[in-house]
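Colleague: Below you'll find the structure I mean.
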Amino acid sequence: MKPFAYHQPDQIPDAAKLLTSIEDSKLVAGGMTLIPTLKQRLANPAALIDLSKLPGLKGISDGAAITIGAMTPHAEVAASKLVQAKIPALAALASMIGDPAVRSRGTIGGSVANNDPAADYPAGVLGLGATIVTSAREILADKFFLGLFETALQSGEIITAIRFPLPLKAGYAKFKAPASRYALVGVFVAKFADGVRVAVTGAGPGVFRVPPMEQALSQNFDPSAIAAIKIDTDGLTSDIHAEADYRAHLVTVMAKRAVDAALG
Amino acid sequence: MQISFTLNGRPTTVEVEPATLVAELLREQLNLTGTHIGCDTSQCGACVVHLNGLPVKSCTLLAPALDGATLLTIEGLQGAPGSNRLHPMQEAFRENHGLQCGFCTPGMVMTAVALAKDKPSLTEAEVRHGLEGNICRCTGYQNIVLSVISGAAAMHAAAKGE
């Protein structure tokens, strides 16, 4: 790692100001992606702005929706009785991220801001139609994830929380890359009174929805309804782990398993 | 920068560069070499320590995160006097031959202790899920799983004074 300056602001506006005023500065939450990136010298920021001292970013609150503070670690979401009761699929998703040590440190805000194409949370956030709350505004999931590691966040904007509406039913299924435990393909399915949402991670350069599956499942929320729906391989990822056609195949398989999980 | 934390029960203050990893700080500055660095890419788990009671990979933790925190390393584990002061989980690894070369063992034990903290009776599936972030290249995991199941029971028996 190259040396960097380290800031630990204790107010969100101060953090936002540091982020815009220091050229080449980066926010660090749990650091589960950033620290390996620094160690490989894929990034050499001049300064890190540590979010851990900011007030009000940690914890889970109840209401018409479940709101999870950006600095809440995966382990806390996985173990939350509230999340397990209201959106069990989201607790299950959190329990599948990385390994216990990664779940102790990694945060929901960090995962969503980073928007890794194979991360789990983007599937849950898009699948549930969540709202990303930032220091400046609120952004719908459908407008937030813009592609490979790219989001709608502006410079100096900091995620403070994610707000999840409560589905009638939801499920997440993931085919793990065996070494990294990232999703080779992960599918989140959520049924609401006004329809079904299906979000896929791992298969392409960013999380995406599958309208034909959403329509079929809105008619009949059963794995058989989507068994014949194939995903176009155009734009899907081919790499050392899997070819695009295999990923396309896995989308249907994981979507069926996610519906099964939702039906409990 | 100066950071102060509790290390294995003792107040500790050190001067570090912000870009120092906790695994480096422990091994090179504080001479606690029980924490091992295996892959150095947060995959293998040989460097697991407990930060405020939670298992974390010290090769993927910046030293500033320690400021004000409580850190427990493998050196800080201990059992009852008279049992060679092995922690019940360490004793279980010895009894069950849960190691061969031993390189991964400090991380395995630290992950296992965290996993067993609230669970006296662990299933094989729970142990295997709990050890996903710890890699062993010798044992094939069978005896490690046995060690963790029996170590968890022993930890809680010891806590009850049995």
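No lab work stands behind these numbers, since they all come straight from the coordinates. Since the structure is predicted, the reported quantities are computational estimates derived from the model, not experimental observations. Here the Cβ is made from the backbone with ideal geometry for all residues, glycine too, and neighbour counts use every protein chain on show.
Colleague: Report for the protein assembly as shown the percent antiparallel among DSSP-assigned beta bridges with both residues inside it, nearest 5. Walk me through the intermediate numbers first.
Modeller: Values: 47 of 56 bridges.
If we restrict to bridges inside the protein assembly as shown, about 85 percent are antiparallel.
Colleague: About its Cα centre, what dipole magnitude does region A:169-263 give when the only charges are +1 on Lys and Arg Cβ and -1 on Asp and Glu Cβ, stated in debye to the nearest 20?
Modeller: Working: 11 positive and 9 negative charges, 77 e Å.
Dipole magnitude for region A:169-263 comes out near 380 debye.
Colleague: Then there's this: At 222 nm, what value in deg cm²/dmol follows for chain A if DSSP H runs of at least 4 each add -39500 (n - 2.57) and the sum is divided by all its residues, to the nearest 500?
Modeller: Details: 11 runs with 89 residues, N = 264.
The helix contribution divided over chain A gives -9000 deg cm²/dmol.
Colleague: Going by alpha carbons, how many degrees (0 to 90, nearest 10) lie between the helix axis of B:142-160 and the longest principal axis of chain B?
Modeller: Between helix and principal axis, roughly 80 degrees.
Colleague: Can you give the average number of partner chain beta-carbon atoms within 10 Å of each beta-carbon in peptide B:39-51, as a whole number? Mind dumping the intermediate values first?
Modeller: Numbers: counts 0, 2, 4, 12, 7, 0, 4, 0, 1, 4, 1, 2, 3.
Neighbouring Cβ atoms belonging to other protein chains average 3 per residue here.
Colleague: Calculate the dipole size of the protein assembly as shown relative to its Cα centre from +1 charges on Lys and Arg beta carbons and -1 charges on Asp and Glu beta carbons; express the result in debye to the nearest 20. Display every interim value, and only then the final one.
Modeller: Values: 35 positive and 37 negative charges, 119 e Å.
Roughly 580 debye, rounded to the nearest 20.
Colleague: Relative to the longest principal axis of chain B, what angle (0 to 90°, nearest 10) does the C-alpha long axis of helix B:105-116 take?
Modeller: 70 degrees
Colleague: I would also like to ask the following. Which entries in A:81/B:117; A:176/A:230; A:86/B:57; A:86/A:174 show an alpha-carbon gap greater than 25 Å? Spell out each step's value before the answer.
Modeller: Values: A:81/B:117 18 Å; A:176/A:230 20 Å; A:86/B:57 31 Å; A:86/A:174 21 Å.
Distance filter (> 25 Å) returns A:86/B:57.
Colleague: Here's something else I'd like to know. Can you give the longest run of chain A that contains no trypsin sites (Lys or Arg not before Pro) sitting in a DSSP loop with at most 13 other Cβ atoms inside 10 Å?
Modeller: Values: sites that count: A:41, A:137, A:230.
Longest site-free region, per DSSP loop and neighbour criteria: A:42-136.
Colleague: Beyond 23 Å, what share of the Cα-Cα pairs of chain A remains, rounded to the nearest whole percent?
Modeller: Numbers: 17340 of 34716 pairs.
In whole percent, the share of Cα-Cα pairs in chain A beyond 23 Å is 50.
Colleague: Moving on to the next point. Does region B:16-79 come out rounded, prolate or oblate by the C-alpha gyration tensor, with a ≥ b ≥ c the root eigenvalues, rounded set by a/c under 1.5 and, if not, prolate when a/b is larger than b/c and oblate if not? Could the numbers behind the result be given before it?
Modeller: Details: a/c = 1.31, a/b = 1.08, b/c = 1.21.
Judged from the Cα gyration tensor, region B:16-79 comes out rounded (a/c under 1.5).
Colleague: Okay, moving on. For region A:23-65 and region A:213-227, compute the distance between their C-alpha centroids and round to whole Å.
Modeller: What the calculation gives is 38 Å, centre to centre.
Colleague: Per residue of B:54-67, what is the mean number of Cβ atoms on other protein chains within 10 angstrom of that residue's Cβ? Provide the component values of the computation, followed by the final result.
Modeller: Working: counts 8, 8, 8, 9, 1, 3, 13, 7, 10, 1, 7, 8, 0, 4.
Average neighbour count from other chains, rounded to a whole number: 6.
Colleague: Rounded to the nearest 0.05, what FRET efficiency do residue A:215 and residue B:69 give with R0 = 56 Å and r taken as the Cβ-Cβ distance? Could you check? Spell out each step's value before the answer.
Modeller: Values: r = 50 Å, r/R0 = 0.90.
With R0 = 56 Å, the Cβ-Cβ based efficiency is 0.65.
Colleague: Same structure, new question: Out of A:42, A:12, A:32, whose Cα points farthest toward the positive end of the dipole of region A:1-50 (charges: +1 Lys, Arg; -1 Asp, Glu; placed on Cβ)?
Modeller: Projecting each Cα onto the dipole axis, the largest value belongs to A:42.
Colleague: List the aspartates and glutamates whose Cα lies under 16 Å from the Cα of residue B:160, skipping any in the same chain that are fewer than 8 positions away.
Modeller: Partners found: B:118.
Colleague: Within 10 Å of each Cβ in peptide A:28-38, how many partner chain Cβ atoms are there on average? Round it to a whole number, please. Intermediate results must be reported in sequence, preceding the final value.
Modeller: Numbers: counts 3, 0, 4, 5, 5, 2, 2, 9, 6, 0, 4.
Partner Cβ neighbours, averaged per residue: 4.
Colleague: Using a Cα-Cα cut-off of under 14 Å, which aspartates and glutamates could be cross-linked to residue A:2, ignoring same-chain neighbours fewer than 8 residues away?
Modeller: Of all the aspartates and glutamates, those that pass the test against residue A:2 - Cα under 14 Å, at least 8 places apart if same chain - are A:24, B:17.
Colleague: Would you please name the trypsin sites (Lys or Arg not before Pro) within region B:112-142 that are DSSP coil residues with at most 16 other C-beta atoms within 10 Å of their C-beta?
Modeller: Working: sites: B:117, B:128, B:137; in loops: B:117, B:137.
Hits after loop and neighbour filter: B:117, B:137.
Colleague: Enumerate the whole-percent occupancy of each 10 Å bin, from 0 to the last occupied one, for all C-alpha pair distances of region A:169-263.
Modeller: 19, 53, 25, 4, 0
Colleague: Further question: Mind checking which helices in chain A clear 24 Å along their axis (Cα) and have mean Kyte-Doolittle hydropathy of -1.0 or more, DSSP H runs only?
Modeller: Details: long enough: A:244-263 (29 Å, 0.39).
Those that clear 24 Å and a mean of -1.0 are A:244-263.
Colleague: Pick from B:63, B:114, B:80 the residue whose mean-square fluctuation is largest in a GNM of chain B, springs joining Cα atoms under 10 Å.
Modeller: Per the Cα network of chain B with a 10 Å cutoff, B:80 tops the list.
Colleague: Classify region A:73-207 from the C-alpha gyration tensor, please: rounded if a/c falls under 1.5, else prolate or oblate depending on whether a/b exceeds b/c. Walk me through the intermediate numbers first.
Modeller: Details: a/c = 1.22, a/b = 1.07, b/c = 1.14.
Judged from the Cα gyration tensor, region A:73-207 comes out rounded (a/c under 1.5).
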